[in-house]
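Beneath this line is the structure, given in structure tokens, with notes to follow.
The values are calculated or read from the model by the stated rules, or taken from the named source; none is laboratory data. All values reported here derive from a predicted model rather than from experimental measurement. Note: ideal-geometry Cβ built from the backbone for every residue, glycine included; neighbour counts use all protein chains shown.
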Amino acid sequence: MPTQHTQWRTEITWLDAHQTVSVTELSQVCGISKNDLDELVEYGALSPVDMPADERQFSAACVAALRTAGKLRRDFDLDTFTIAVLLDYLNRIEQLESELRAAQAKLPAQAGTDHPPIDAPARAPH
């Protein structure tokens with residue numbers, strides 16, 4: 001039986017929060033239509049960067065949350081307003097995790113702590 005070799009092409013792009021992405025790039029990367037991205041801007045869940053360009057530009061910092069929101073939208077058939085609310089929560093979680101990491105970094109190392117590091121998944125109580 002002949003075997004088929006499938007060649008996977010992976011393109012990796014490092015995003016810096018100081019970089020910008022166009023609405024077309026954002027749509028492609030996140031799997032959210034341009035119209036829906038415009039609607040997210042109208043809801044205030046997404047803010048374009050103020051800079052002269054042919055196409056609306058956004059901070060690359062929004063890509064991770066939008067990718068997560070796009071995946072959840074596809075998985076659970078969510079509407080655009082729900083995605084706007086979800087983005088707000090995802091951004092708030094990221095902000096709180098960042099603040100927690102900063103606070104943990106200021107504490108002296110404590111052996112035997114009952115709290116897992118922020119990157120570890122939380123376990124349900126027994």
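Could you say which residue among 84, 102 is small (Gly, Ala, Ser), more than 18 Å from the chain's Cα centre (by Cα) and modelled with pLDDT of 90 or more?
102
Out of all the residues in segment 103-114, is one or more over 20 Å from residue 18 (Cα atoms), in contact (Cβ under 8 Å) with a residue 24 or more places away in the chain and loosely packed, with under 12 Cβ neighbours inside 10 Å?
Initial filter on segment 103-114 (over 20 Å from residue 18 (Cα atoms)): 103-114.
Next, from what is left, pick out any that are in contact (Cβ under 8 Å) with a residue 24 or more places away in the chain: none.
No: zero hits.
Would segment 28-35 turn up any residue that is assigned to a loop (DSSP other than H, G, I, E, B) and modelled with pLDDT under 90?
Of all residues in segment 28-35, those assigned to a loop (DSSP other than H, G, I, E, B) come to 31-33.
When the remaining residues are screened for being modelled with pLDDT under 90, the result is none.
Checking segment 28-35: not a single residue is assigned to a loop (DSSP other than H, G, I, E, B) and modelled with pLDDT under 90.
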Got a sec? Which of 24, 82 is free of Cβ contacts under 8 Å to residues at least 12 places away in the same chain and part of a helix (DSSP H, G or I)? 82
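Matching residues to (1) surrounded by fewer than 10 Cβ atoms within 10 Å (Cβ to Cβ); (2) in a loop (DSSP other than H, G, I, E, B); (3) at pLDDT 95 or above:
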{"site": "55", "(1), (2), (3)": "no, yes, no"}
{"site": "62", "(1), (2), (3)": "no, no, no"}
{"site": "72", "(1), (2), (3)": "no, no, no"}
{"site": "89", "(1), (2), (3)": "no, no, no"}
{"site": "116", "(1), (2), (3)": "no, yes, no"}
{"site": "119", "(1), (2), (3)": "yes, yes, no"}
{"site": "123", "(1), (2), (3)": "yes, yes, no"}
